[in-house]
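Presented below is the structure to which this report refers.
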Amino acid sequence: MSRGVALVTGAGSGIGRSVAVALAAAGYAVVLAGRRQAPLDAVAAEAGKGALAVAANVTAPADVDALFGRVVERFGRLDLLFNNAGIATAPTSLDDLSIEDWRATIDTNLTGTFLCTRAAFRLMKNQRPRGGRIINNGSLSATTPRPAMAGYTASKHGVTGLTRATALEGRPYDIACGQIDIGNARTDLATSIAEGALQADGSRLPEATLDVRHVADAVLYMAGLPLDANVLFMTVMASRMPYVGRG
């Protein structure tokens, strides 16, 4: 029995891939979005029959409109959006951060999340049965930044504000919105963290990581709640990473 239709952005690798495959295994019809078609097709094959892979750039309004058009054309509704697409440029001191890197980070992490949220909100508000759930991939960096990551920190701080605003505005329409903040999931992008990450005191130390399947399990829990219940914020992190207290 289908548990509904789920759209995952940034689904071609890492957290997005893991969550998309887990959602499919749990009975969701899954739509996979990302910039490159080939990785999406590989994940779709892993997710199984019925998965739809759509190449889309979440920073481009026309691409987002076309993506949601495909969702409606294929499934007629959307029950879950996992806003996962995001980037992080190389660590750079604030005074050396280029406007190009700043804009790329804000455009992808914040504006991309907004564009997909807006499209999902419009669809969920007017579909029957009404409503749905939006889960944003935030970051511990929204409130506890890493050094030399000003653009990323600002973008994720913005996502936190968008999460709260969406949760508030979604109430009259049975649209729930929550955020998962992930600490050191073991993906290809986290390889450098395990080898040695820049600390606030200027040192570089290896950090603990956690299996990405635990992130997928957490998203499944959030997604599985009835719409009159919501996890507004959840933190899933490697227990021994230097985040709580002084490490």
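Here, each number is a calculation from the coordinates, and none is a lab measurement. Being a predicted model, the structure only gives us computed values, none of them experimental. A quick note on method: Cβ atoms are made from the backbone with ideal geometry, for glycine too, and the neighbour counts reach across all protein chains shown.
Among beta bridges identified by DSSP and lying wholly in the chain, the antiparallel ones come to about 5 percent. Note on K49 and Y173: the model spin-label points, each 7 Å out from Cα along the C-beta direction, lie 3.5 nm apart.
Residue by residue, the range 226-241 carries 3J(HN,Hα) couplings of x, 5, 8, 10, 8, 8, 5, 9, 9, 10, 10, 8, 5, 4, 9, 6 Hz when phi is fed to the Karplus relation 6.51 cos²θ - 1.76 cosθ + 1.60 (θ = phi - 60°); x denotes Gly or Pro. With point charges of +1 on the Cβ of Lys and Arg and -1 on the Cβ of Asp and Glu, referenced to the Cα centre of the range 5-237, which listed residue (P206, N109, I193) lies farthest in the positive direction of the dipole? Final value for the positive-end residue is N109. Of all complete DSSP H helices in the chain, those with a Cα span along the helix axis of 27 Å or greater and a mean Kyte-Doolittle hydropathy of -0.5 or more are 150-170. Could you tell me the distance between the Cα centroids of the range 76-115 and the range 211-233, to the nearest Å? Between the Cα centre of the range 76-115 and that of the range 211-233, the gap is 22 Å. If only the Cβ of Lys and Arg carry +1 and only the Cβ of Asp and Glu carry -1, the dipole of the range 104-247 around its Cα centre is close to 420 debye.
How would you rank 229-242, 26-39, highest first, on the average number of other Cβ atoms within 10 Å across their residues? Let's see the in-between values first.
Numbers: 229-242: 15.4, 26-39: 20.5.
Averaged packing, sorted descending, gives the order 26-39, 229-242.
Once the convex hull of all Cα atoms in the range 1-100 is built, its volume per residue stands at 106 Å³. When the Gaussian network model of the chain links Cα atoms closer than 10 Å, the mean-square fluctuations of S141, S18, S192 top out at S192. In this label model, A42 and E195 are separated by 2.0 nm, measuring between points 7 Å along each Cα→Cβ vector.
Counting Lys and Arg as +1 and Asp and Glu as -1 over every other residue whose Cβ lies under 13 Å from the Cβ of T117, the net charge comes to +4. For the chain, the mean residue ellipticity at 222 nm estimated from helices alone is -12500 deg cm²/dmol, where every DSSP H run of n ≥ 4 contributes -39500 (n - 2.57) and the total is divided by all residues, rounded to the nearest 500. For Kirkwood radius over Cα pairs in Å, one of [x] 18.2; [y] 20.0; [z] 21.6 was computed from the structure I shared and the rest are decoys. Which label? Checking each listed value against the structure points to [x].
Based on Cβ point charges of +1 for Lys and Arg and -1 for Asp and Glu, what charge dipole magnitude is obtained for the range 5-237 about its Cα centre, in debye rounded to the nearest 20? List each step's numbers first, then the result.
Numbers: 21 positive and 21 negative charges, 174 e Å.
In debye, rounded to 20, the range 5-237 gives about 840.
Protection proxy ranking, highest mean first, for peptides 117-126, 176-185: 176-185, 117-126, where packing is the per-residue count of other beta-carbon atoms within 10 Å, averaged.
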